[in-house]
Amino acid sequence: MTDETYAEAAEAPQLSDAPLSMDELAKVIARDIPEGSFVNLGIGQPTKIADHLPAELGVILHTENGMLGMGRKAEGDEVDADLTNAGKVPVVETPGCSYFHHADSFAMMRGGHLDVCVLGAFQVAHTGDLANWSTGKPGDIPAVGGAMDLAIGAKDVFVMMSLFAKNGEAKLVEACTMPLTGVGCVSRVYTDHAVFDLGPDGATVRETYGITLAELRERVAVELH
């Protein structure tokens, strides 16, 4: 690590006195989505990001079940049972939205047409390897969906997850022990305690929430720059 990189890590700002809720984390991710991007939000917590994207940013959301121009979660009379995201959550349309065959949707994903995708994860290695479709435990039901296509097809892959599992172990690891979704594909990890940039040189802390960099280094068993 260079002196300049070390200085940047030493100054990684702690931006709150407590870990973020998933809704608060969704706001942080929405803040970092580039204007005018084509974005896929994975099933589960990442779909919350749609509720925090200002319309004026011109971000166009893609969902693998065949919609381009997906809006936020539908409420009340807006709910249409036939208009959902890939996680079966009712959503609203945005002006100019379009619908297409499932195969066309996957062609968009595999063809490099998405700027960003945001996925959940069981584990992420500090070099960007992703494990998010199975824990590998006997009896677990594998649920890869379109994760492999997104992980390899999107130009940038962000992960949204809690940093620590129920047993207290960090999900940001030296090497994934669960079945891999993709190798070296994750560029950034957003968690309730910190945001990390990943790359060939490992993990760099961008900002923290309710935890100091020194405390992170004690609890996460990878080198943090």
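Would you check if GLN14 is touching a residue at least 60 places away in the same chain (Cβ under 8 Å), touching a helix residue (DSSP H, G or I) at 6+ places or on another chain (Cβ under 6 Å), of a type outside the set (A, V, I, L, M, F, W, C) and under 29 Å from LEU224 (Cα atoms)? No; evaluated as a whole, the condition is false for this residue. Do we find that GLY44 is open to solvent by less than 30 Å² (accessible area, probe 1.4 Å), at pLDDT below 95, under 25 Å from GLY153 (Cα atoms) and of a type outside the set (S, T, N, Q) in this structure? No; evaluated as a whole, the condition is false for this residue. Selection of the range 211-225 for residues being touching a Leu at 6+ places or on another chain (Cβ under 8 Å) and surrounded by fewer than 16 Cβ atoms within 10 Å (Cβ to Cβ) yields only ARG217. Entry remark, the range 91-106: residues being in a strand (DSSP E or B) and of a type in the set (Asp, Glu) number 1 in total. Residues of the range 97-146 being out of contact with any Asp or Glu (no Cβ under 8 Å at 6 or more places or on another chain) and among the aromatic types (Phe, Trp, Tyr), which ones? Scanning the range 97-146 gives TYR99, PHE100, PHE122, TRP133.
Being farther than 23 Å from PRO34 by Cα and among the charged types (D, E, K, R) is the filter; apply it to the range 130-155 and report the residue that is most open to solvent (accessible area, probe 1.4 Å). Selected residue: LYS137. Scanning the range 56-90 for residues being touching a residue at least 12 places away in the same chain (Cβ under 8 Å), in a loop (DSSP other than H, G, I, E, B) and within 23 Å of ILE29 (Cα to Cα) gives a total of 9. The residues listed here are PHE158, PHE196, PHE164; of these, the one that is more than 13 Å from ASN132 (Cα to Cα) and either buried (at least 22 other Cβ atoms within 10 Å of the Cβ) or among the hydroxyl-bearing types (Ser, Thr, Tyr) (or both) is PHE196.
The residues of the range 57-92 that are among the acidic types (Asp, Glu) and under 22 Å from the mean Cα position of the chain (by Cα) amount to a single one, GLU64. I'm trying to understand the selection: among the residues of the range 116-151, which are of a type in the set (D, E, K, R) and assigned to a helix (DSSP H, G or I)? ASP149 - this is the single residue of the range 116-151 that is of a type in the set (D, E, K, R) and assigned to a helix (DSSP H, G or I).
The values are calculated or read from the model by the stated rules, or taken from the named source; none is laboratory data. Please read these numbers as outputs of a predicted model, since none were measured by experiment. Reconstructed Cβ throughout: ideal geometry from the backbone, glycine too, with neighbour counts over all protein chains shown. Areas reflect the complete protein model, heavy atoms only, side chains present, ligands, DNA and RNA absent. Shrake-Rupley method; radii C 1.70, N 1.55, O 1.52, S 1.80 Å.
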